[in-house]
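Report on the structure given below.
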Amino acid sequence: MPYPHLLSELDLGFTKLRNRVVMGSMHTGLEDRFWHYPALAEYYRERAKGGVGLIVTGGISPNREGWLLPFGGTLNTVFDLRNHRKLTRAVHDEGGKIALQILHAGRYGYHPFVVSASALRSPISKFKPRALTGAGIERTVRAYARTARLAQRAGYDGVEIMGSEGYLLNQFLCSRTNRRTDRYGGGIENRMRLALDVVRRVRQACGERFIVIYRLSLIDLVEGGNTWDETVQVARALEAAGVTLINTGIGWHEARVPTIVTSVPRAAFAPLTARLRAAVSVPVIASNRINTPELADSLIAEGSADLVSMARPLLADPQFVVKAAEDRADEINTCIACNQACLDHTFRNERASCLVNPRAARETELVYRPAARARSLAVVGAGPAGLSAACVAASRGHRVTLFDAGETIGGQFNLAKRIPGKEEFAETLRYFGAQLRKHGVDVRLGTRVDAALLARSGYDEIVVATGIVPRRPAIPGIDGANVLSYVDVLRGAPVGRTVAVVGAGGIGFDVSEFLLHRAGAPLPQPRDEWLGEWSVDLDVTEPGGLAQTRHERAPERQIWLLQRKKGKLGAGLGKTSGWVHRAALARQGVKMLDGVAYLEIGPRGLKIEREGVDEWLEVETIVVCAGQESLRELMPASPQPGGPRFHLIGGAALASELDAERAIREGAELAAKL
Ligand code: FAD
Ligand code: NAP
Ligand code: SF4
């Protein structure tokens, strides 16, 4: 059996899990409205059908005070049972198990009823919490127990009590947010009292034959967090209070250390789970940046964990487990940890989905049915848009020919994957490659398509997915030998030691990262080096696990990153990743200038005007990252009667605000309809 450790059963005494894969909690937005529960049920059904051992739902608040957002999903009256039974039934029909996550947001709630241990506002919310009174604490404990009992009645196999990432129970657990002087504040014995009360009352309400998972913060990554000794003390007390499993939580949401973005090395925090496992006797679950069956299996094999939680990887591919079990891991659509369509959507209060799998959380809307009549399709351009269109169309039974002028599939993703910290992007191309083979797409690389080729080929449908060309702004001197486009740079053109980057969108930031990378330094970045750069001490000797010193990298180049508009650079980057890019560049001395006018390029470098002052930036190389323009020369001016139907997708359709999320989604949506 492939991945024998990951895929082996786990006997919890009163129940068995069919394997060690836990689908971690992920809020999709479908949880919050009752009319979305049928769609949510299908979303879970697909994952259960795909073989996941245990699904943990998105967080559901035990009461109004605990809402993350106003009118968030609840399970606190019998009237909610009907909705939740749809979910449990769907999962049980497919042989899976499901636990409800109970999440009280505490001061992270985005509404006026927020409560916490003390009346201290969080740096990431404008709402100041009210400190819970003794009676309020008792009400809260009752609410947890009531929700757990209702969960049991709704058919859930267990609950996960969310005690990490800086939510309410974590707020009680750490002196950072707990300044109480009553029996819930002071030493760790008092600060953990609420968590223990909750676990005991949930256990009491639901009996012994019910899974109770506690998600415990193993490293808070904020000042005023707990030390390792305190965390172990809490874990042992939780075990004594009756938890079945302990899940790993890493870092508070307000921490300034990235914990899940793509530049975080895979399984960076697993050593913490391993240490905890040695200190307790209940099974423990590893989490964060674990996205392949090989890695998950090895963590269990080496004794670092008993189970592995993967949330985003199960959004990306509901069939993750089945494919692993059938030794088809190369067909897994791997989560690239971009956060673009999942967490960034959630933070914008939009429904979560997945960049590499646009069906995620839209299972009932984006359906790939077998084609009524197989047609012959030409897809021109094997970038993300064309790949997505070709694979979906071929999976539905169409005869698809995919052309690309380049020698490899992937379009601009071939450049994206060269950025240090974006190595995961190569996985998407590996996945698409496997899909093209599986569905018999006729791939013609090294073939630049022109109108004549299309005219003589007799296709029924032609999908133009030819992407973009980089914009070349009209700056005097732009044709000089010291000017390169981002494409030249990422393909290896020599670049000087001093550089001005024109344009500070996603690509300007990425190119700066690329230019700061020391030639020959290993990629992906080794874990210890990464931990050192972000001051993470996995021994957690200091409260919160923040090391006193930071490993500094001598910058490879002096870079000026420039934009014309006024305001913070990188403002358009993802909410969950933009700050990471900004911090990484700032640490390496990149000078970020806004409100710049480009006056002239010459042998001296780049002349700019800023705040009324002209200045020469004396740089050896100017790299242009000034956005893109659509390449759509294959689109006929008007459709020919009786000729093929033309379709335009991805960058070829619209270059502005193009990203791979839109490109892949447009390809899939079009192909689902053809
Ligand atoms: P493209 O990827 O441009 O593909 C078009 C393809 O068409 C090319 O392969 C080209 O060779 C081919 N072609 C063109 N004309 C012809 C012709 N006549 N005949 C045959 N073939 C032709 N997006 C994100 O969402 N997240 C990121 O983190 C991210 N990072 C990036 C980092 C870098 C460095 C770069 C360069 C891009 C990044 N992007 C990112 C953007 C993302 O790659 C693009 O949005 C996406 O590739 C657009 O897909 P597309 O299929 O429309 O076009
Ligand atoms: P972009 O985000 O649109 O940025 C283009 C930059 O060029 C802006 O800074 C813009 O700012 C500047 N610019 C535009 N026209 C200009 C002109 N005529 N002269 C000089 N400067 C000009 O595009 P991109 O960086 O090329 O990225 C392309 C797409 O890939 C983006 O949509 C992005 O979402 C995606 N991407 C995403 C990531 C990610 O991490 N999520 C990473 C890379 C790429 P000013 O006009 O203010 O100067
Ligand atoms: Fe993973 Fe990106 Fe999909 Fe989120 S959007 S699940 S991070 S691939």
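The values are calculated or read from the model by the stated rules, or taken from the named source; none is laboratory data. All figures in this text were calculated on a predicted structure; none of them were measured in a lab. In this analysis, Cβ positions are derived from the backbone assuming ideal geometry, glycine residues included, and neighbour counts consider all displayed protein chains. Note: accessible area is taken over every heavy atom of the protein model, side chains too, but ligands, DNA and RNA are not part of it. Shrake-Rupley method; radii C 1.70, N 1.55, O 1.52, S 1.80 Å.
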- Item | Only one of Thr133, Thr147 that is within 28 Å of Ile219 (Cβ to Cβ) and at pLDDT 95 or above | Thr147
- Note on the structure: Only one of (1) farther than 19 Å from Asp317 by Cα; (2) open to solvent by 20 Å² or more (accessible area, probe 1.4 Å); (3) of a type outside the set (D, E, K, R) does not apply to Gly29, and that is (1)
- In the stretch 62-85, is there at least one residue being surrounded by 23 or more Cβ atoms within 10 Å (Cβ to Cβ) and farther than 20 Å from Gly163 by Cβ? yes
- Item | Out of Ile219, Ile213, Ile250, Ile246, sole residue that is over 27 Å from Trp534 (Cβ atoms), β-branched (Val, Ile, Thr) and open to solvent by less than 20 Å² (accessible area, probe 1.4 Å) | Ile213
- Task: Scan the stretch 404-462 for residues that are closer than 13 Å to Ala390 by Cα, crowded, with 21+ Cβ neighbours inside 10 Å and touching a strand residue (DSSP E or B) at 6+ places or on another chain (Cβ under 8 Å) and report the count.
- Result: 4
- Note on the structure: Given the conditions (1) assigned to a helix (DSSP H, G or I); (2) in contact with a helix residue (DSSP H, G or I) (Cβ under 8 Å, 6 or more places away or on another chain); (3) under 21 Å from Ala361 (Cβ atoms), every one holds for Glu65 apart from (3)
- Query: Of the residues in the stretch 499-555, how many are among the polar types (S, T, N, Q) and surrounded by 21 or more Cβ atoms within 10 Å (Cβ to Cβ)?
  - Reply: 1
- Would a scan of the stretch 509-532 turn up a residue that is at pLDDT 95 or above, within 20 Å of Thr259 (Cα to Cα), more than 16 Å from ligand 1 (Cβ to nearest atom) and part of a loop (DSSP other than H, G, I, E, B)? yes
- May I ask you to verify whether Ala465 is among the small types (Gly, Ala, Ser) and either within 12 Å of ligand 2 (Cβ to nearest atom) or under 29 Å from the mean Cα position of the chain (by Cα) (or both)? yes
- Arg665 vs (1) open to solvent by 40 Å² or more (accessible area, probe 1.4 Å); (2) within 16 Å of ligand 2 (Cβ to nearest atom); (3) out of contact with any Ser or Thr (no Cβ under 9 Å at 6 or more places or on another chain): all pass except (3)
- Query: Just wondering, is there one or more residues in the stretch 300-312 that are within 16 Å of ligand 1 (Cβ to nearest atom), open to solvent by 10 Å² or more (accessible area, probe 1.4 Å) and not acidic (Asp, Glu)?
  - Reply: yes
- Message: Looking only at residues that are open to solvent by less than 50 Å² (accessible area, probe 1.4 Å) and away from ligand 2 (no atom under 16 Å from the Cβ) in the stretch 637-662, which one is modelled with the lowest pLDDT?
- Response: Gly643
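Could you please give the count of residues in the stretch 473-505 that are within 12 Å of ligand 2 (Cβ to nearest atom) and over 23 Å from Met592 (Cβ atoms)?
1
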- Taking the stretch 250-303, which residues are more than 16 Å from ligand 3 (Cβ to nearest atom), under 24 Å from Gly544 (Cβ atoms), in a loop (DSSP other than H, G, I, E, B) and in contact with a strand residue (DSSP E or B) (Cβ under 7 Å, 6 or more places away or on another chain)? Gly251, Val257, Phe269, Val280
- Out of all the residues in the stretch 341-370, which are over 14 Å from the mean Cα position of the chain (by Cα), aliphatic (A, V, I, L, M) and either within 16 Å of ligand 1 (Cβ to nearest atom) or crowded, with 16+ Cβ neighbours inside 10 Å (or both)? Ala361, Leu366
- Determine if the stretch 323-340 includes at least one residue that is open to solvent by 40 Å² or more (accessible area, probe 1.4 Å), closer than 30 Å to Trp35 by Cβ and under 14 Å from the mean Cα position of the chain (by Cα). yes
- Item | Leu562 being touching a Leu at 6+ places or on another chain (Cβ under 9 Å), buried (at least 16 other Cβ atoms within 10 Å of the Cβ), closer than 27 Å to Ile468 by Cα and in contact (Cβ under 8 Å) with a residue 60 or more places away in the chain | yes
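So is Arg130 open to solvent by 70 Å² or more (accessible area, probe 1.4 Å), under 19 Å from Arg209 (Cβ atoms) and not hydroxyl-bearing (Ser, Thr, Tyr) or not? Talk me through it step by step, then tell me what you get.
On the way: open to solvent by 70 Å² or more (accessible area, probe 1.4 Å): yes; under 19 Å from Arg209 (Cβ atoms): no; not hydroxyl-bearing (Ser, Thr, Tyr): yes.
Against the criterion (open to solvent by 70 Å² or more (accessible area, probe 1.4 Å), under 19 Å from Arg209 (Cβ atoms) and not hydroxyl-bearing (Ser, Thr, Tyr)), Arg130 does not qualify.
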- Query: Looking only at residues in the stretch 322-363 that are assigned to a helix (DSSP H, G or I) and closer than 16 Å to Met26 by Cβ, which one is nearest to ligand 2 (Cβ to nearest atom)?
  - Reply: Asp344
